[in-house]
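Report on the following structure.
The values are calculated or read from the model by the stated rules, or taken from the named source; none is laboratory data. Computed from a predicted structure; not experimentally measured. Cβ: placed from backbone, ideal geometry, glycine included. Neighbour counts: every protein chain shown.
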Amino acid sequence: MANSFFRLLFFVTAVIALASAWSVQAQEVFNPPQSKGHPVVFISGMGGPRHDKALAQDIASLGYVVVVYDGRKMDEGRGQAIRAALESAQQLPNVLPGKAALVGVSLGGGFALAYGVRWPDLVAVDIVWYPATGFLSKLPTFASRIRVPVLMFAGESDNFQDCCLITTARSLASDAAFLKAPFELVTYPGAQHDFIRGGSNYNPNDYNDTLARATAKLKSAFGD
(Lines give C-alpha, C1' and ligand atoms only; values in the text may rest on other atoms or scores of the structure.)
Protein backbone atom coordinates (compact mmCIF):
# COMPACT_ATOMS: atom_id res chain seq x y z
CA MET A 1 0.00 0.00 0.00
CA ALA A 2 2.79 2.41 0.94
CA ASN A 3 4.70 1.65 -2.26
CA SER A 4 1.57 2.27 -4.33
CA PHE A 5 1.01 5.58 -2.59
CA PHE A 6 4.56 6.78 -3.25
CA ARG A 7 4.39 5.69 -6.91
CA LEU A 8 1.18 7.68 -7.28
CA LEU A 9 2.74 10.67 -5.53
CA PHE A 10 5.76 10.51 -7.85
CA PHE A 11 3.50 10.34 -10.90
CA VAL A 12 1.42 13.35 -9.79
CA THR A 13 4.56 15.33 -9.00
CA ALA A 14 6.00 14.55 -12.43
CA VAL A 15 2.80 15.65 -14.16
CA ILE A 16 2.77 18.92 -12.20
CA ALA A 17 6.42 19.52 -13.09
CA LEU A 18 5.73 18.97 -16.78
CA ALA A 19 2.71 21.24 -16.68
CA SER A 20 4.82 23.95 -15.07
CA ALA A 21 7.48 23.56 -17.75
CA TRP A 22 4.87 23.98 -20.47
CA SER A 23 3.22 26.96 -18.82
CA VAL A 24 4.95 30.19 -19.82
CA GLN A 25 3.80 33.54 -18.47
CA ALA A 26 2.59 36.13 -20.96
CA GLN A 27 4.74 39.25 -20.81
CA GLU A 28 2.08 41.76 -21.80
CA VAL A 29 -1.38 42.07 -23.33
CA PHE A 30 -2.30 44.83 -25.77
CA ASN A 31 -6.01 45.45 -26.14
CA PRO A 32 -7.70 46.81 -29.26
CA PRO A 33 -9.39 50.23 -29.41
CA GLN A 34 -12.86 48.67 -29.28
CA SER A 35 -11.99 46.60 -26.13
CA LYS A 36 -12.89 43.21 -27.65
CA GLY A 37 -11.22 41.39 -30.52
CA HIS A 38 -9.93 38.09 -31.85
CA PRO A 39 -6.87 36.77 -29.99
CA VAL A 40 -3.36 36.97 -31.41
CA VAL A 41 -0.54 35.10 -29.68
CA PHE A 42 2.67 37.02 -30.40
CA ILE A 43 6.07 35.34 -29.90
CA SER A 44 9.08 37.64 -29.79
CA GLY A 45 12.53 37.14 -31.21
CA MET A 46 15.89 36.95 -29.42
CA GLY A 47 15.69 40.64 -28.57
CA GLY A 48 12.71 39.91 -26.34
CA PRO A 49 9.21 41.39 -26.16
CA ARG A 50 10.42 44.95 -25.59
CA HIS A 51 12.38 44.90 -28.84
CA ASP A 52 9.32 43.79 -30.83
CA LYS A 53 6.78 45.85 -28.89
CA ALA A 54 5.99 48.28 -31.70
CA LEU A 55 4.84 45.47 -34.00
CA ALA A 56 2.67 43.95 -31.26
CA GLN A 57 1.08 47.34 -30.62
CA ASP A 58 0.49 47.94 -34.31
CA ILE A 59 -1.34 44.62 -34.62
CA ALA A 60 -3.46 45.43 -31.56
CA SER A 61 -4.40 48.78 -33.11
CA LEU A 62 -5.92 46.85 -36.02
CA GLY A 63 -8.54 45.49 -33.62
CA TYR A 64 -6.99 42.42 -31.99
CA VAL A 65 -6.15 41.31 -28.47
CA VAL A 66 -2.40 40.67 -28.68
CA VAL A 67 -0.91 38.42 -26.01
CA VAL A 68 2.88 38.73 -26.02
CA TYR A 69 5.27 35.93 -25.08
CA ASP A 70 9.05 35.87 -24.84
CA GLY A 71 10.33 33.64 -27.63
CA ARG A 72 13.43 32.82 -25.61
CA LYS A 73 11.21 30.86 -23.19
CA MET A 74 8.96 29.06 -25.65
CA ASP A 75 11.01 25.99 -26.55
CA GLU A 76 9.78 23.73 -23.76
CA GLY A 77 7.73 20.58 -24.30
CA ARG A 78 8.06 20.31 -28.08
CA GLY A 79 5.63 23.11 -28.71
CA GLN A 80 3.41 22.49 -25.70
CA ALA A 81 4.23 25.93 -24.28
CA ILE A 82 2.92 27.52 -27.47
CA ARG A 83 -0.16 25.34 -27.53
CA ALA A 84 -0.85 26.27 -23.90
CA ALA A 85 -0.44 29.95 -24.80
CA LEU A 86 -3.00 29.61 -27.60
CA GLU A 87 -5.47 27.89 -25.31
CA SER A 88 -4.96 30.51 -22.60
CA ALA A 89 -5.49 33.38 -25.05
CA GLN A 90 -8.87 31.96 -26.01
CA GLN A 91 -9.96 32.17 -22.36
CA LEU A 92 -9.29 35.89 -21.88
CA PRO A 93 -12.47 37.79 -21.03
CA ASN A 94 -12.10 40.36 -23.80
CA VAL A 95 -11.49 38.02 -26.74
CA LEU A 96 -14.04 36.95 -29.30
CA PRO A 97 -14.77 33.22 -29.44
CA GLY A 98 -12.93 31.00 -31.88
CA LYS A 99 -9.39 30.31 -32.94
CA ALA A 100 -6.34 32.52 -32.38
CA ALA A 101 -3.82 33.93 -34.80
CA LEU A 102 -0.19 33.03 -34.19
CA VAL A 103 2.44 35.69 -34.94
CA GLY A 104 6.19 35.29 -34.57
CA VAL A 105 9.33 37.31 -35.18
CA SER A 106 12.73 35.77 -35.95
CA LEU A 107 13.28 33.14 -33.24
CA GLY A 108 9.62 33.35 -32.28
CA GLY A 109 8.70 33.12 -35.94
CA GLY A 110 10.61 29.87 -36.16
CA PHE A 111 8.62 28.42 -33.28
CA ALA A 112 5.34 29.70 -34.72
CA LEU A 113 6.19 28.16 -38.07
CA ALA A 114 7.47 24.86 -36.70
CA TYR A 115 4.51 24.15 -34.44
CA GLY A 116 1.57 26.36 -35.32
CA VAL A 117 1.09 25.03 -38.84
CA ARG A 118 0.05 21.64 -37.40
CA TRP A 119 -2.83 22.90 -35.25
CA PRO A 120 -5.84 23.90 -37.37
CA ASP A 121 -8.00 23.29 -34.29
CA LEU A 122 -6.38 26.26 -32.53
CA VAL A 123 -4.72 28.47 -35.15
CA ALA A 124 -6.67 30.55 -37.66
CA VAL A 125 -3.57 31.91 -39.40
CA ASP A 126 0.20 31.85 -38.88
CA ILE A 127 2.06 35.09 -39.75
CA VAL A 128 5.83 35.24 -39.37
CA TRP A 129 8.42 37.96 -39.90
CA TYR A 130 11.85 36.68 -41.07
CA PRO A 131 11.50 33.45 -39.06
CA ALA A 132 14.39 31.23 -38.01
CA THR A 133 14.31 28.38 -40.52
CA GLY A 134 17.42 26.36 -39.67
CA PHE A 135 15.25 23.51 -38.42
CA LEU A 136 13.97 22.92 -41.95
CA SER A 137 17.24 21.22 -42.95
CA LYS A 138 16.23 18.35 -40.65
CA LEU A 139 12.66 18.25 -41.96
CA PRO A 140 12.81 18.01 -45.77
CA THR A 141 9.09 17.16 -45.91
CA PHE A 142 8.00 20.03 -43.65
CA ALA A 143 5.70 21.59 -46.27
CA SER A 144 3.49 18.51 -46.10
CA ARG A 145 2.75 19.36 -42.44
CA ILE A 146 1.20 22.73 -43.18
CA ARG A 147 -2.47 22.64 -42.20
CA VAL A 148 -2.91 26.34 -41.36
CA PRO A 149 -2.70 29.38 -43.69
CA VAL A 150 0.81 30.83 -43.44
CA LEU A 151 2.05 34.28 -44.43
CA MET A 152 5.82 34.66 -44.26
CA PHE A 153 7.87 37.82 -44.73
CA ALA A 154 11.58 37.59 -45.56
CA GLY A 155 14.36 40.03 -46.40
CA GLU A 156 16.33 39.06 -49.49
CA SER A 157 19.57 40.33 -47.91
CA ASP A 158 19.01 38.67 -44.54
CA ASN A 159 22.20 36.93 -43.47
CA PHE A 160 21.87 37.32 -39.71
CA GLN A 161 23.74 34.35 -38.22
CA ASP A 162 22.53 32.34 -41.24
CA CYS A 163 19.29 31.75 -39.32
CA CYS A 164 16.77 33.07 -41.81
CA LEU A 165 18.22 32.74 -45.29
CA ILE A 166 16.17 33.69 -48.32
CA THR A 167 17.22 30.50 -50.09
CA THR A 168 15.60 28.43 -47.35
CA ALA A 169 12.44 30.53 -47.48
CA ARG A 170 12.15 30.12 -51.24
CA SER A 171 12.78 26.40 -51.03
CA LEU A 172 9.93 26.05 -48.54
CA ALA A 173 7.67 28.17 -50.75
CA SER A 174 8.49 25.96 -53.72
CA ASP A 175 7.70 22.78 -51.78
CA ALA A 176 4.46 24.27 -50.49
CA ALA A 177 3.39 25.35 -53.99
CA PHE A 178 4.03 21.85 -55.33
CA LEU A 179 1.89 20.37 -52.54
CA LYS A 180 -0.72 23.13 -52.82
CA ALA A 181 -0.22 23.91 -49.13
CA PRO A 182 -1.68 27.23 -47.87
CA PHE A 183 1.66 29.05 -47.74
CA GLU A 184 2.47 32.54 -49.01
CA LEU A 185 5.98 34.02 -49.08
CA VAL A 186 6.57 37.75 -49.59
CA THR A 187 10.17 38.87 -50.00
CA TYR A 188 11.75 42.31 -49.93
CA PRO A 189 14.79 43.14 -52.12
CA GLY A 190 17.65 44.59 -50.10
CA ALA A 191 15.86 44.12 -46.79
CA GLN A 192 17.93 42.74 -43.93
CA HIS A 193 17.00 40.99 -40.71
CA ASP A 194 15.00 42.97 -38.13
CA PHE A 195 13.39 45.43 -40.55
CA ILE A 196 10.28 46.00 -38.42
CA ARG A 197 9.52 49.27 -36.65
CA GLY A 198 11.98 49.59 -33.77
CA GLY A 199 14.34 47.08 -35.36
CA SER A 200 18.02 47.62 -36.09
CA ASN A 201 17.36 47.56 -39.85
CA TYR A 202 13.98 49.28 -39.84
CA ASN A 203 12.67 49.86 -43.35
CA PRO A 204 9.47 51.94 -43.28
CA ASN A 205 8.26 51.03 -46.76
CA ASP A 206 8.81 47.31 -46.35
CA TYR A 207 7.43 47.28 -42.83
CA ASN A 208 4.27 49.13 -43.82
CA ASP A 209 3.77 46.70 -46.67
CA THR A 210 4.03 43.73 -44.30
CA LEU A 211 1.53 45.35 -41.96
CA ALA A 212 -0.94 45.94 -44.79
CA ARG A 213 -0.62 42.33 -45.96
CA ALA A 214 -0.91 41.02 -42.40
CA THR A 215 -4.06 43.11 -41.94
CA ALA A 216 -5.68 41.55 -44.99
CA LYS A 217 -4.60 38.06 -43.95
CA LEU A 218 -5.99 38.45 -40.45
CA LYS A 219 -9.31 39.77 -41.74
CA SER A 220 -9.57 36.86 -44.16
CA ALA A 221 -8.72 34.30 -41.48
CA PHE A 222 -11.27 35.63 -39.02
CA GLY A 223 -13.92 36.39 -41.61
CA ASP A 224 -13.98 40.11 -40.74
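What the table below lists for this structure:
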item	result
Selection within the range 178-200 - touching a residue at least 40 places away in the same chain (Cβ under 8 Å) and not acidic (Asp, Glu)	Phe183, His193, Phe195, Ile196, Arg197, Gly198, Gly199
Cβ-Cβ under 9 Å pairs, at least 6 apart or on other chains, the range 97-115 side on the phi > 0 side of the Ramachandran plot and crowded, with 24+ Cβ neighbours inside 10 Å, far side of a type in the set (Val, Ile, Thr) and at pLDDT 95 or above	Ser106/Val128
Flag if Asn205 is at pLDDT below 95, out of contact with any Phe, Trp or Tyr (no Cβ under 6 Å at 6 or more places or on another chain) and over 17 Å from Ile59 (Cβ atoms)	no
From Val105, Val29, residue being in contact with a helix residue (DSSP H, G or I) (Cβ under 8 Å, 6 or more places away or on another chain) and of a type outside the set (Lys, Arg)	Val105
Members of the range 183-224 that are closer than 21 Å to Trp119 by Cα and surrounded by 15 or more Cβ atoms within 10 Å (Cβ to Cβ)	Phe183, Glu184, Leu185, Ala214, Lys217, Leu218, Ala221, Phe222
Test: Ala84 is part of a helix (DSSP H, G or I), closer than 20 Å to Gly48 by Cα and of a type in the set (A, V, I, L, M, F, W, C)	yes
Matching entry among Phe160, Phe153, Phe135 (being hydrophobic (A, V, I, L, M, F, W, C) and buried (at least 21 other Cβ atoms within 10 Å of the Cβ))	Phe153
Flag if Ala173 is farther than 25 Å from Asn205 by Cβ, among the small types (Gly, Ala, Ser) and free of Cβ contacts under 8 Å to residues at least 24 places away in the same chain	no
Output for the range 158-197, where each listed residue is out of contact with any Cys (no Cβ under 6 Å at 6 or more places or on another chain) and acidic (Asp, Glu)	Asp162, Asp175, Glu184, Asp194
Test for Gln91: is it more than 15 Å from Ala124 (Cα to Cα), part of a loop (DSSP other than H, G, I, E, B), modelled with pLDDT under 95 and not aromatic (Phe, Trp, Tyr)	yes
Residues being modelled with pLDDT under 95 and not in a helix (DSSP H, G or I) - total across the range 50-81	2
